[in-house]
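A quick write-up on the structure given underneath.
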Amino acid sequence: MTMTMAENGQTKDTRLQPVETMMVCLDLTDMDASLIAYAGFLAGILETPKVTFLHVIQSYDLPDRTQKGFPDVETELQQIVRNSLYQSVKQGFTEQCQWHVETRVGQDDAAVEIINYTDENPADLILIGQKPGENRRARYGKKVSAETTGDILFVPQNAALRVDPLLCASDFTDAGARAFERALGISKTAGVRLLPFFITDPTRAYFPTTTTRSTRKYEEKACETYAAFLKRYNIQPDSLPCLVELGDPMKSEAETIYAAAEKRDTGLILVGARGSTQTPTSHLGNLCESLRLLDKQIPVMIVKPDVN
């Protein structure tokens, strides 16, 4: 349990709430097998007791609604799809926990139906598959990741079932604390190495010019910010060193984060920052969408700030 000092001098619990519910978005493609396997692997690490596998049947896959007997056809199709997904999950999901399969019919947009479902059945973590190449831009990923309240995990097709080492990119503010706490929890539970990662502000670092002296100044300032942040967890910087990288104005922060993760052969990336995923211009919203669009092999978890 992580403790920090409250204003009245009393300690308080700052441990991130566990992932009690996980939702996995399936689409009846080859991507499903990877998602199901990864969900089982991650549910074991996070000790998640409840997992929902959701598939939305698009309305254009159904017969004309004016036809007599349409409701029976819709119900029958849903049952066929549910049975098929149930067998897939039963075969590929290895974690011993409570799980079930849900199907819905999307009248206009599958993303809207997924969002509506999570409004009624909140999920702490939502897994979204990421196909390679241009296919990753399609489907409902952008809308779902932006408008649902749960944290988001982008899972590439055939993602490796490992999280070691774990890279956590955070701005080390109160907003970024949830990502760090989630990473710290995974590191302790799974017994894996945690690599905190901090990017300095490239707009200041490269104006008017960058010298060895100015670079060192920004790195020292970042280390001071990180050390102050760690005090709430009673962690010494020497025991958990932070990787500090000078921002590059020619690259997005998403590209910088992913390149750092690739260089260190990480198994999972966690990202936490200020702002909202619903606002593309916010720090977190920009990062979320940029990371979603990257053609990647490493899973990326977007940990949203605490709204309470």
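The values are calculated or read from the model by the stated rules, or taken from the named source; none is laboratory data. The structure displayed is predicted, hence computed values, not measured ones. Using ideal geometry, Cβ is built from the backbone for each residue, glycine included, and neighbour counts are taken over all protein chains shown. When the accessible area is computed, the model is the full protein with side chains, heavy atoms only, and any ligands, DNA or RNA have been set aside. Shrake-Rupley method; radii C 1.70, N 1.55, O 1.52, S 1.80 Å.
Assorted remarks:
- For Cys168, residues with placed amide H under 5 Å, excluding near neighbours: Leu195, Phe197, Leu270
- Label zone at Gln58 (point 7 Å along Cα-to-Cβ), backbone N below 13 Å, the range 88-111: 106-111
- Inter-site label distance for Tyr86 and Gln297 at 7 Å from Cα along Cβ, in nm: 3.8
- Label positions at Glu262 and Asp248, each projected 7 Å from the Cα along the C-beta direction, are separated by 1.0 nm.
- Near the amide H of Trp99, within less than 5 Å, lie the amide hydrogens of Val51, all on another chain or at least 5 residues away, with H placed in the peptide plane.
- Relative to the current alpha-carbon distance between Gln98 and Thr215, full extension at 0.36 nm per residue lengthens the span by 37.0 nm.
- With every protein chain in place and a 1.4 angstrom probe, the accessible-area ranking of Leu28, Leu166, Leu77, largest first, reads Leu28, Leu77, Leu166.
- Order of exposure, largest accessible area first, which applies to Ile80, Ile114 with probe 1.4 Å: Ile80, Ile114
- Amide H to amide H distances under 5 Å link Ile57 with Arg104, Val105, Gly106, where only residues 5 or more positions off or on other chains count and H is placed in the peptide plane.
- Greater than 20 Å apart at Cα, pairs in Lys50/Lys131; Lys50/Lys90; Lys263/Lys296: Lys50/Lys131
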